[in-house]
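Accompanying notes for the structure given below.
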Amino acid sequence: MAVGALIGAYQEDDSGGLRALLPLAGRTLLEYQVRCAAAAGTAPIVIVVERVPQALQDAFERLRLDGVGVFPVSDIGEAVSRFEAGSLILLIGDGVAPPIGLVTEFAEEPESAVGTVPDDEMHQAFERIDAESRWAGVAVVNAQLLGSTAAILGDWDLESTLLRRAVQEGARRVPVADRAGEPLLVDRAEELADFQRHLVQSSRGRRDDMVSRFILPPVEDLATVQLMETTVRPAWLIWGALGMTIVAAVCFTRGWLGAGLVLLLLATPLDLIAERLATLRLKPLPPRMRSRAVLWPASGVALLAIGLWEMRHGPGWGALVTAAAACAFAEAARLEKSGMPPDADPWLISRRNAIFLAIPFALFGAWTAFLVAVLLYATLSFFIIQRVRHARSS
């Protein structure tokens, strides 16, 4: 397995700027390459540079703030010293945008390997290896080979020389078409447009309820595209959703029912957007993120707050008891559903489904009827899930 990564950031694009600084998913191509290498578990990550303009320095700083350490070097001897003797090094070519799956697979290679694409018209921009293949921009080489190459490099290009020597020493050739997809070699920002669209679309993961599957996708897509170019962190969105839910509960206790519902509606896509931003930045949210897990009980508190208001200004204790029973059945349904496929029956009770269910009742001011509807919804979901689980076990 590769224990380090070497990435070039010195070649210029068609406009005279660095290829490494071409924009991609709200960051730079270099940041995407580094995050791919970090996600594959490689360390240290060494960046070969000839000059460090402010934009490149800013990219290094963003990576550092996200906890991704990089070592920019302009001297090849210093690059060699960063790696342990005999270790394997993941090499990612300058200006190459590889799929994350391809980087991960190459990082797990047990020996030197060179990714290849066919020598055809579609791959003319890639460096030729022989009459049949070209370099795909991803390889695994030995640190000893990097050291010996540095000793004879002179004015030659590091990547090309290292590639040639790896091929000469018998590195295994791996057609990337048989792996996780082909990388893209770019000289202009426009060439990254399709790749970026693919990243944004693929960041939309599994959706477990009707609202997130059929109503929220346009909101998610728009917000994700806008926020990926900012410094907004995914965790901030999760905390924002939690804060809005708590404020909504306070609004319900004060009788500001419409304002509370608006806050809950605005909060429904935030954790999904946060998940997509984290995926785009190749730092997925922890599976047991505490602030995200608290969204469910916080929504239950908001429902109880509605019951409390209705108890004081409507049918009495029945409203609060109904809200409490709805919370109990919803939690029971959630626990029972944990043993089923996550995307099974998206119309069953969920936080987002229940919030959107409130809209028609709120329009007519029928909040007690809403509590009854949620209770029936949660109860029906619970018994359906139980029946399905028992049918499967029998």
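Of all residues in segment 335-350, which are modelled with pLDDT of 85 or more and open to solvent by less than 30 Å² (accessible area, probe 1.4 Å)?
Hits for segment 335-350 are Pro346, Leu348, Ile349, Ser350.
Can you report the number of residues in segment 251-284 which are buried (at least 18 other Cβ atoms within 10 Å of the Cβ) and either charged (D, E, K, R) or not in a helix (DSSP H, G or I) (or both)?
Qualifying residue count for the region: 7.
Does segment 190-229 hold any residues that are open to solvent by less than 50 Å² (accessible area, probe 1.4 Å) and at pLDDT below 90, and which are they?
Residues satisfying the conditions are Gly205, Arg207.
With modelled with pLDDT under 90, of a type outside the set (D, E, K, R) and either touching a Phe, Trp or Tyr at 6+ places or on another chain (Cβ under 8 Å) or part of a helix (DSSP H, G or I) (or both) as the only criterion, which of Ala391, Ala324, Ala354 stands out?
Just one listed residue meets the conditions, Ala391.
Only residues in segment 344-370 that are within 20 Å of Phe382 (Cβ to Cβ) count as the first member; pair them with residues that are open to solvent by 50 Å² or more (accessible area, probe 1.4 Å) and of a type in the set (A, V, I, L, M), Cβ under 6 angstrom, at least 6 apart or cross-chain, and list the lot.
Pro346/Met210; Trp347/Met210; Asn353/Met210
Tell me yes or no: at least one residue of segment 249-269 is in contact (Cβ under 8 Å) with a residue 24 or more places away in the chain, hydrophobic (A, V, I, L, M, F, W, C) and closer than 24 Å to Gly26 by Cβ.
Yes.
Within segment 132-155, identify whether any single residue is part of a strand (DSSP E or B), hydroxyl-bearing (Ser, Thr, Tyr) and more than 29 Å from the chain's Cα centre (by Cα), and answer yes or no.
Yes, segment 132-155 contains at least one residue that is part of a strand (DSSP E or B), hydroxyl-bearing (Ser, Thr, Tyr) and more than 29 Å from the chain's Cα centre (by Cα).
Does any residue of segment 302-320 turn out to be within 30 Å of the chain's Cα centre (by Cα) and either of a type outside the set (Phe, Trp, Tyr) or farther than 30 Å from Gln33 by Cβ (or both)?
yes
Give me the pairs: first residue in segment 223-243 and within 14 Å of Val294 (Cα to Cα), second residue part of a loop (DSSP other than H, G, I, E, B), beta-carbon distance under 7 Å, and six or more apart or on different chains, which are they?
Note: pairs meeting the criteria are Ile238/Met289; Leu242/Val294.
Which residue out of Arg288, Arg233, Arg281 is touching a strand residue (DSSP E or B) at 6+ places or on another chain (Cβ under 9 Å) and more than 23 Å from Phe356 (Cβ to Cβ)?
Arg281
Looking at (1) farther than 20 Å from Ile246 by Cα; (2) open to solvent by less than 60 Å² (accessible area, probe 1.4 Å); (3) at pLDDT 95 or above, which is the only condition Leu380 fails?
(2)
The values are calculated or read from the model by the stated rules, or taken from the named source; none is laboratory data. Because the structure is a prediction, the values reported are computed rather than measured. Reconstructed Cβ throughout: ideal geometry from the backbone, glycine too, with neighbour counts over all protein chains shown. Just the protein is used for accessible areas: all its heavy atoms, side chains included, with ligands, DNA and RNA removed. Shrake-Rupley method; radii C 1.70, N 1.55, O 1.52, S 1.80 Å.
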